[in-house]
Structure formats: structure tokens, C-alpha cells
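K.L.:
The structure follows.
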Amino acid sequence: MPVDVILGLQWGDEGKGKIVDFLADQYEVVCRFQGGPNAGHTLYINGTKYVLHTIPSGIFRTNVQNVIGNGVVIDPTTLVKEIDQIKHAVPDLHDRLLVSHKAHLILPSHRWIDLASETSKGKEKIGSTLRGIGPCYMDKTGRNGLRVGDIEQAGFDQKYQVLKQKHLQFIRQFPEVEFNIEADEEAWMNSLDNLRKLKKVNAEYWLAEMLAKGKNLLAEGAQGTMLDVDFGTYPFVTSSNTITAGVCTGLGVPPNQIRKVIGIAKAYCTRVGSGPFPSELLDATGERLRKEGKEFGATTGRPRRCGWLDLVQLKYAIMVNGVTDLCITKIDVLNNFEEISLVDGYQVGNELTHEIPFDLNSVTSTHTNSFKGWETALKHDNNFDSLPESLIYYVQQIEKLCNLGVKYLSTGPGREELIVRE
């Protein structure tokens with residue numbers, strides 16, 4: 001069977017974890033294909049909140065195998081903590097979690113580099129989560145990195161020390177920052193014992209075998225399209241390819257195996273950290289969106305910047321990902337708004353454009369359409385036609401301007417609060 005993909009269409013935090021969890025029982029395998037512990041996928045299982053950073057969101061489905069692919073960068077300390085936090089709910093975790101030999105390792109010194117580099121930028125900070133993601137990917141592309149498979153090879157300790165010394169030399173170029181490398185290194189080394197206990201596979205072969213057997217595979221993206229290192233709001237991006245193309249390089253599956261691309265967008269926009277954000281609301285409405293949506297980072301706790309749904313940006317994300325199925329989440333956050341707006345154009349100088357410009361900072365203002373909100377709580381009866389007329393109109397406007405139907409509409413945080421349209 002082909003591979004289906006689920007990914008974010010904005011700046012991350014779109015609610016992908018819930019949708020993966022909902023769909024996971026239709027698949028035998030769920031795979032993470034990029035990113036690292038800067039991801040924060042929040043799920044509510046039987047009223048309990050779980051936040052996954054590295055483990056695929058299919059882990060709570062007892063019939064699903066979960067693969068951390070080669071495109072993911074792994075902090076062993078973080079991974080072990082994550083396992084400890086969920087193992088009571090997933091007693092068979094070690095039987096259903098597999099790790100690619102070729103996934104790269106985040107070292108304590110990677111996080112030190114991240115902190116020193118970001119601190120040195122002052123007002124020019126890009127908003128790094130300081131998890132060592134960027135420095136780890138730098139070592140990967142610079143052909144210096146350590147991979148999961150290395151921890152089982154002779155000479156690993158020497159390889160570690162060589163890379164650590166390179167990092168210490170690199171850090172000397174930055175102003176001094178406080179970082180307890182000894183304590184972090186001790187915890188990191190101890191966590192390797194637990195990492196060694198996990199199942200490791202040559203994921204490209206393992207996944208090819210699953211496909212040959214007719215198994216259904218779901219590839220789970222992290223972050224969002226606008227944080228893609230090539231097609232996002234560069235340089236305020238992550239260090240990996242968050243779009244559909246990243247599935248092939250991050251798992252080792254061929255392009256002709258990809259079938260559906262399920263794109264997730266919130267009913268409004270948010271962004272964490274620095275960088276251009278055309279629809280941002282720097283007023284009471286933006287603050288209200290943040291409060292109603294509980295918009296604080298699942299990984300960092302940082303308050304998210306908020307704005308109306310940006311259809312120029314959304315159409316761009318649909319285009320570069322080849323989205324086949326569109327999902328709109330957190331529609332319930334807008335339940336109490338008297339008026340709701342959609343951004344459908346950018347003003348760049350004297351020109352109104354409906355395309356993402358090379359420099360998103362060149363956008364001087366946005367063109368918006370506003371209409372009356374529905375101002376009522378939603379019934380969770382999974383019937384689209386019973387929704388308030390204003391909400392149906394809102395969805396229809398998205399479909400019209402994006403030229404794509406909304407197949408999934410999330411009306412609340414719970415697994416069951418989801419309308420699926422045929």
C-alpha cells in the first residue's frame with residue numbers, strides 16, 4: 001500500500017497530534033520523518049493530556065508500529081524522559097517503537113552551541129528553541145555527525161570526544177554563556193543505556209518490506225510548512241524539510257509511494273518566535289485569540305503570536321505540499337467572537353498580490369474579509385450540516401479561495417470531537 005502523509009500548513013502548532021491519533025487505527029505503521037524534540041504534539045487520551053516530542057503520535061494505538069526515521073534528530077535524554085512519562089499508558093512501548101540506525105544524535109554540546117549562537121544575536125534572534133536542532137543538522141550536512149547506529153559500534157566514545165572537542169573550539173567564537181556541560185553530559189551518557197534497549201532498524205529496508213506486504217503507512221510531520229528550510233520564511237525557519245518532499249529523504253521511501261497528503265491548518269494563525277507574520281494581530285483581538293486558544297508552546301511554554309487565518313499563506317502551503325485532504329482545527333476557539341476575518345491578499349508597495357513574496361517583510365498591510373461570527377458553543381454530533389450558518393459560510397470561503405474541500409473539521413480537543421466529511 002502507498003504512504004499517506006500528514007503535516008502542518010502554517011508555522012507549526014496546528015493540532016497535528018490529535019489528527020494523527022484519530023487516523024492512526026487506519027494504519028499499521030506511523031513514522032516521524034524530520035525534526036527533533038523542538039516538536040510538541042499534544043494529544044488528549046481519555047481526558048489525559050500527553051505531549052510527544054520525538055515519539056510518533058500513533059504510539060497510543062495498540063495495533064500500530066511507530067518508527068523514528070533517519071530524518072529525525074534525537075536527543076537521547078529527552079527521548080528517555082518522554083518514554084518514562086508515557087510508559088504507564090503504553091506498557092508495550094518497547095515492542096512498538098523502532099528507531100532508524102541512521103537518525104542523528106543531538107549532543108549536549110549541540111545545545112550549548114545553540115544557546116551561545118542565539119544569545120550572541122541579540123535583537124536578531126531567530127527564535128530557536130535551544131534544543132540543539134540546528135547545530136545537529138549542521139553536523140549532519142557537514143558530515144561530522146554521530147548517528148544512532150554509532151552507539152553500538154566500537155570506538156564510539158572516541159568519536160564522541162572528537163566531535164565534542166570540535167564543538168568546544170567552535171563555541172569559543174561566541175560570548176561566554178552559562179552552560180553546565182558536565183551535568184548534561186552525565187545525563188546524556190546514562191540515557192544511552194536506555195536508547196540501546198530500543199529496537200533499531202535499517203528503516204528504509206524495514207519500511208520497504210512493510211509496503212511490499214501491503215501495510216498502510218502514515219508519515220507524521222513536525223513543525224509546519226512555513227518553517228521549512230527551503231520554502232519557509234527563511235532565515236526564521238527550522239533546519240529540516242517540513243514539507244511532503246521531506247518524507248522521501250527522511251524515511252527512505254520513493255516518491256511514487258506517496259498517495260494522500262493530509263494538510264492541517266488552524267482556524268486562525270499562530271507563530272512562535274521571531275520572523276515575518278503578515279496576519280498578526282498586535283491588539284486586544286490577538287490577545288483574545290491567544291487566551292481562547294491557550295496558545296502557549298507545548299515544548300517551550302512561550303506565548304504564541306496570533307492572527308487571523310491567512311489564505312494567501314494557506315494556498316501556498318497547499319501548493320508546495322500537494323495537499324489532497326484539508327483539515328481545519330481549533331474551530332471552537334472562535335466560538336465567542338462577534339466578528340471573524342480572513343486574509344485574502346497582501347499589499348506590497350502599490351501592488352495587491354495573492355502570492356507569497358520572496359521577502360515576506362515587504363508586506364505593508366493585508367486585505368481582509370470580515371463577517372459575523374456564530375457566537376455559540378458547538379454540538380459534537382459530527383454533523384457538518386447542523387453547524388451554525390456563519391460557521392458553514394466560513395468553511396465555504398476557505399474552500400472557495402483555496403480551491404480545495406475541507407474534509408476534517410476539529411470542533412474540540414478530544415479524539416471524538418472531529419467532523420469527517422465525504
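K.L.:
Just to check your reading of the model, which residue among ILE419, ILE398 is surrounded by 14 or more Cβ atoms within 10 Å (Cβ to Cβ), assigned to a helix (DSSP H, G or I) and either touching a Leu at 6+ places or on another chain (Cβ under 8 Å) or modelled with pLDDT of 95 or more (or both)?
P.N.:
Criteria check complete, one pass: ILE398.
K.L.:
Scan the range 94-131 for residues that are in a loop (DSSP other than H, G, I, E, B) and in contact with a strand residue (DSSP E or B) (Cβ under 8 Å, 6 or more places away or on another chain) and report the count.
P.N.:
Within the range 94-131, residues that are in a loop (DSSP other than H, G, I, E, B) and in contact with a strand residue (DSSP E or B) (Cβ under 8 Å, 6 or more places away or on another chain) number 4.
K.L.:
Output the number of the condition that SER109 fails; it satisfies all remaining conditions of (1) touching a helix residue (DSSP H, G or I) at 6+ places or on another chain (Cβ under 9 Å); (2) among the small types (Gly, Ala, Ser); (3) without any contact (Cβ under 8 Å) to a residue 60 or more places away in the chain.
P.N.:
All conditions pass for SER109, except number (3).
K.L.:
Run down GLY263, GLY286, GLY301 and say which single residue is outside any helix (DSSP H, G or I), surrounded by fewer than 23 Cβ atoms within 10 Å (Cβ to Cβ) and among the small types (Gly, Ala, Ser).
P.N.:
The match here is GLY301.
K.L.:
Oh, and also: Is it true that ALA208 is within 15 Å of VAL67 (Cβ to Cβ), crowded, with 19+ Cβ neighbours inside 10 Å and not β-branched (Val, Ile, Thr)?
P.N.:
It is false that ALA208 is within 15 Å of VAL67 (Cβ to Cβ), crowded, with 19+ Cβ neighbours inside 10 Å and not β-branched (Val, Ile, Thr).
One line per residue, one yes/no per condition, for (1) closer than 24 Å to ASP228 by Cα; (2) touching a helix residue (DSSP H, G or I) at 6+ places or on another chain (Cβ under 6 Å); (3) at pLDDT below 90:
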| position | (1), (2), (3) |
| --- | --- |
| LEU7 | yes, no, no |
| GLU14 | yes, no, no |
| TYR27 | no, no, no |
| LEU43 | yes, yes, yes |
| HIS53 | yes, yes, no |
| ILE83 | no, no, no |
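K.L.:
Please list, ordered by first then second residue, the pairs with beta carbon atoms under 8 Å, 6 or more apart or interchain, first in the range 140-158 and in a helix (DSSP H, G or I), second β-branched (Val, Ile, Thr).
P.N.:
Pairs found: LYS140/VAL73; VAL148/ILE74; VAL148/VAL99.
K.L.:
Across the range 51-64, what is the number of residues that are within 20 Å of ASN194 (Cα to Cα), free of Cβ contacts under 8 Å to residues at least 60 places away in the same chain and not in a helix (DSSP H, G or I)?
P.N.:
Result for the range 51-64: 3.
K.L.:
Could you list, in sequence order, all residues of the range 246-256 that are surrounded by 18 or more Cβ atoms within 10 Å (Cβ to Cβ) and in contact with a helix residue (DSSP H, G or I) (Cβ under 8 Å, 6 or more places away or on another chain)?
P.N.:
Hits for the range 246-256 are CYS248, LEU251, GLY252, VAL253.
The values are calculated or read from the model by the stated rules, or taken from the named source; none is laboratory data. What you see is a predicted model; the values in this text were computed from it and never measured. Every residue, glycine among them, receives a Cβ derived from its backbone with ideal geometry; neighbour counts consider all protein chains shown.
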